[in-house]
Amino acid sequence: MSAMDLAILAAGTLFYAVFSKRLNDGMVTLPMAFALFGFLVGADGFDLVAFDTGHGSIHLLAELTLALVLFSDAARLDVKELLNGKILALRMLLVGLPLAVLVGGVLALLLFPDVPPMAAFLLAAMLAPTDAALGQAVLTNKDVPLETREVMTAESGLNDGLALPAVVMFAILASASDGPGSSGPAMAQFAVMQIVLGPLSGIIVAYLGGHLIDWAVRSGTVTKELEGVAMLALALLAYALAESIGGNGFLAAFSAGLPWAVR
């Protein structure tokens, strides 16, 4: 990426930030605005920015960003309120989400008959979780009942993390069905390591790191400004540790955020 490419991206970000309130008051949310911006400046638009999606640094940036988003979504949840009063949200998560994956997988097979079954269900698992940011205009609309908005917010905060195991499993099965390179036992071992070691390492990091941060706050050894930095480091530590031992870093990041939601 050249300096001019970076300048164009920065200018687009500045433009959105300046008009963000007016755009958000309408029907244009941040993901929609940047998806349109990316299309316009990319190869399918005016071809202003040369963006190599296969570059390793781009993948790393995207993965770290997703890890931080998952950690933040989990940490900001009010689990007690969810368990006490958001029965509808729990139904959407525990019943609606699996049904959405199942129905979505069947529809994908009907629409794309040449696609392998595991790839079809992988697509369904990726699309099933809703993104509250895309419906920001609905969530902030006072005409929508408050309870409905709260349920949508609670459900959207958890669905990504709950769908992750299905995404990981279907991705492993889809890659195994594409070629004979890996044996069944090896793929099963890999799947177990991804799904078990990921959350386990995330919980361990959250427990130890949380106690360390609490001790630092009580003893006054950490500044107020760097408490947030410590939390970000905790999320990245959970992600990197899980990846280094064969677990899934995204599951680890989400699992590391959950203990903060029940504190």
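The values are calculated or read from the model by the stated rules, or taken from the named source; none is laboratory data. Given the structure is predicted, the values throughout are model-derived calculations rather than measurements. Positions of Cβ are backbone-derived with ideal geometry, glycine not excepted, and every protein chain shown enters the neighbour counts.
Quick notes on this one:
- When the test is whether a residue is at pLDDT 90 or above and either assigned by TED's automatic domain parsing to the domain that holds Thr140 or polar (S, T, N, Q) (or both), Thr29 does not pass it.
- Residues being out of contact with any helix residue (DSSP H, G or I) (no Cβ under 8 Å at 6 or more places or on another chain), in a helix (DSSP H, G or I) and not small (Gly, Ala, Ser) - total across the stretch 26-52: 3
- Some residue of the stretch 236-247 being surrounded by 24 or more Cβ atoms within 10 Å (Cβ to Cβ) and either touching a residue at least 60 places away in the same chain (Cβ under 8 Å) or not assigned by TED's automatic domain parsing to the domain that holds Ser72 (or both): yes
- Filter pass, Leu90 being at pLDDT below 90, at negative phi and part of a helix (DSSP H, G or I): yes
Per-residue answers, yes or no, for (1) more than 27 Å from Thr153 (Cα to Cα); (2) crowded, with 16+ Cβ neighbours inside 10 Å:
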position	(1), (2)
Leu14	yes, no
Ala17	no, no
Ser20	no, no
Ala50	yes, no
Arg76	no, no
Ile87	no, no
Gly104	no, yes
Ala119	yes, yes
